[in-house]
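Everything on this sheet refers to the single structure shown next.
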């Protein structure tokens, strides 16, 4: 379980993702209208007393520090758990780039179909989406930030804790899946505030029951698949699944619909 020779390349890869995330945050606060910014999943509205460009720089620095620390912790957990880290070297680009795109787009299609069925059968409004072009930035930001948080850190933390008590091979496998479920549910719950804003309600209880069920099931599905791919092929695969699912769901579908 020691440090692998390719660790420098792995660290460089996650560093590139952090830089991309920080640049997306900076671009968002400088160029995206405030009414669109309020609909983002991870983008709080800037303080009115601070220039937006300055708030953007501060937010970008905060992202690098916070998610950098979460990434380091997740990397440590992946070493102790003998999981894949940023990407699986011997798998090739098909498994950590091409296949996640296919999985993500397929899940995105499933989300569209499920949303249309639930909105019609349940008699509720379809889930709103961030406005274009901010939807692209929100999808990319969420794909990076949320996967570092929920897969790399939360899932890794719980798996590490649970494997301390479940030392048999079967127990270890169970611990991995319990950790995956916990991270997926946390990931699902993190989307409630955005849904509340988009529906114009103040508490989760004000959301329609079919909408809550839809949010929990579909987001948990994304989380479970991303978690499984992360264990087998690394964080890049999880980011890819999340990104492409969001692109179809939040970007392409609203443009077509």
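The values are calculated or read from the model by the stated rules, or taken from the named source; none is laboratory data. Everything quoted here is computed from the prediction, not taken from an experiment. Reconstructed Cβ throughout: ideal geometry from the backbone, glycine too, with neighbour counts over all protein chains shown.
For the range 92-100, state whether one or more residues are at pLDDT below 90, buried (at least 16 other Cβ atoms within 10 Å of the Cβ) and not in a helix (DSSP H, G or I). Scanning the range 92-100, I find no residue that is at pLDDT below 90, buried (at least 16 other Cβ atoms within 10 Å of the Cβ) and not in a helix (DSSP H, G or I), so the answer is no. Every condition in (1) surrounded by 14 or more Cβ atoms within 10 Å (Cβ to Cβ); (2) more than 26 Å from residue 192 (Cα to Cα); (3) modelled with pLDDT under 85; (4) touching a helix residue (DSSP H, G or I) at 6+ places or on another chain (Cβ under 8 Å) is met by residue 7 except one, and the failing one is (4).
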